[in-house]
Amino acid sequence: MGSALSSATAACSDVLALPKTFDVMLVGLDSAGKTSILYRFAHRDPTNMLPATETTIGVESETISYRGHNITITEFGGSAKIRVCARVYFWNYYAFVFVVDATAPERFSEAKEEIQRLNNDSTKCASHPLLILVNKTDMAGAVDLATISQALGIDQISRLRKIIAVKGVSAMTGEGLDEVLEWLSTAVDHRLIEYHDRLRRTGRY
C-alpha cells in the first residue's frame, strides 16, 4: 500500500513539474504601471534601468520563460475604451492580472468597479486565477495591502472566484515579480489548461 501511494505521489509530482504554456491578460487603470511591470517581467535583472514609458494605446505582449514554463503576458491599455475591448478577448487567457496603484487611493473605488466588471464579465472563466497586483508599494504614501484589499472588496469577489490573490510589487525595483510568476505557474495548473482548451475547442466560451 505504501509503495503504491509513493508511486502515485511521484507520478503526481511529475505531472506538476511538466512545462506549461499559457497566456495571461494584464489590465488595470491608466498610470497604474502596467507597461513598467511588463518590462520588468521580461527584464528581471534589477540592474536594468526602468525606461521611461508611454501610455499603451492598444496591446503589448511579452513571452517569459520561467522554470521551463512559457508565459505570455499581454497588456491591454488602461483607457476606458481599451478596457471595454479587452473583455471581448477573455476566452484567450488562462489567468487575469489587474494592476492597482498603491499610491492613488482616490482611484480605489474606480479600480473596484473595474475589477467587479472583469469578474462579472468573465463568469465563464470563474475557475481561472485572478491576481490583484498592487504596484508602487515601495513609494512614499503607498497604502498597505490590507486596506487596499478592503477598499477593492476582495472578500466579496473571492466568494465567486475559486483562485484569487493580492500581491504587492514594485515595477521600479522588480521586487515581488518573481513571486508573481511563481504564483501564476502554480495557479494555472494542467487541469485548468485542459479545461480551458476544451471549452475553446467546443465553442462553449
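The values are calculated or read from the model by the stated rules, or taken from the named source; none is laboratory data. No experiment lies behind these values; they were computed from the predicted model shown. Methodologically, a virtual Cβ is constructed for each residue, glycine included, from the backbone with ideal geometry; neighbour enumeration extends over all protein chains shown. When the accessible area is computed, the model is the full protein with side chains, heavy atoms only, and any ligands, DNA or RNA have been set aside. Shrake-Rupley method; radii C 1.70, N 1.55, O 1.52, S 1.80 Å.
When region 115-141 is filtered for residues that are surrounded by fewer than 18 Cβ atoms within 10 Å (Cβ to Cβ) and assigned to a loop (DSSP other than H, G, I, E, B), the ones remaining, listed by number, are Ala126, Ser127, Asp138, Met139, Ala140, Gly141.
Within region 156-205, being assigned to a helix (DSSP H, G or I), of a type in the set (Ser, Thr, Tyr) and open to solvent by 20 Å² or more (accessible area, probe 1.4 Å) holds for Ser158, Thr186, Tyr195, Thr202. The set of residues from region 142-152 being surrounded by fewer than 16 Cβ atoms within 10 Å (Cβ to Cβ) and not in a helix (DSSP H, G or I) comprises just one member, Asp144. Cβ-Cβ distances below 6 Å connect the following pairs, each with a first residue in region 117-129 that is closer than 14 Å to Ile164 by Cα, a second residue that is of a type in the set (A, V, I, L, M) and part of a helix (DSSP H, G or I), and a separation of six or more residues or different chains: Asn119/Ile157; Pro129/Ala187. None of Ala165, Ala126, Ala171, Ala146 is aliphatic (A, V, I, L, M), more than 19 Å from Ile73 (Cβ to Cβ) and in contact with a Leu (Cβ under 8 Å, 6 or more places away or on another chain) except Ala126.
Lys112 fulfils the conditions (1) open to solvent by 50 Å² or more (accessible area, probe 1.4 Å); (2) within 18 Å of Ser36 (Cα to Cα); (3) not in a loop (DSSP other than H, G, I, E, B) except for a single criterion, (2). Residues in region 20-52 that are modelled with pLDDT under 70 and open to solvent by 70 Å² or more (accessible area, probe 1.4 Å) were compared, and the one that is farthest from Gly77 (Cα to Cα) is Thr47. Residues in region 81-109 that are under 21 Å from Gly153 (Cα atoms), surrounded by fewer than 21 Cβ atoms within 10 Å (Cβ to Cβ) and modelled with pLDDT of 75 or more: Thr103, Ala104, Pro105, Glu106, Arg107, Phe108, Ser109.
Table: residues versus (1) modelled with pLDDT under 85; (2) surrounded by fewer than 17 Cβ atoms within 10 Å (Cβ to Cβ); (3) aromatic (Phe, Trp, Tyr).
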{"position": "Thr63", "(1), (2), (3)": "no, yes, no"}
{"position": "Arg67", "(1), (2), (3)": "no, yes, no"}
{"position": "Ile73", "(1), (2), (3)": "no, no, no"}
{"position": "Phe76", "(1), (2), (3)": "no, no, yes"}
{"position": "Ser79", "(1), (2), (3)": "yes, yes, no"}
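Restricting the first member to region 162-181 and to residues that are over 17 Å from Lys34 (Cβ atoms) and at pLDDT below 95, and the second to residues that are open to solvent by 60 Å² or more (accessible area, probe 1.4 Å) and among the charged types (D, E, K, R), no beta-carbon pair is closer than 6 Å while six or more apart or on different chains.
Checked against the criterion of being touching a residue at least 12 places away in the same chain (Cβ under 8 Å), of a type in the set (Phe, Trp, Tyr) and under 24 Å from Phe22 (Cα atoms), the candidates Phe96, Phe108 yield just one match: Phe96.
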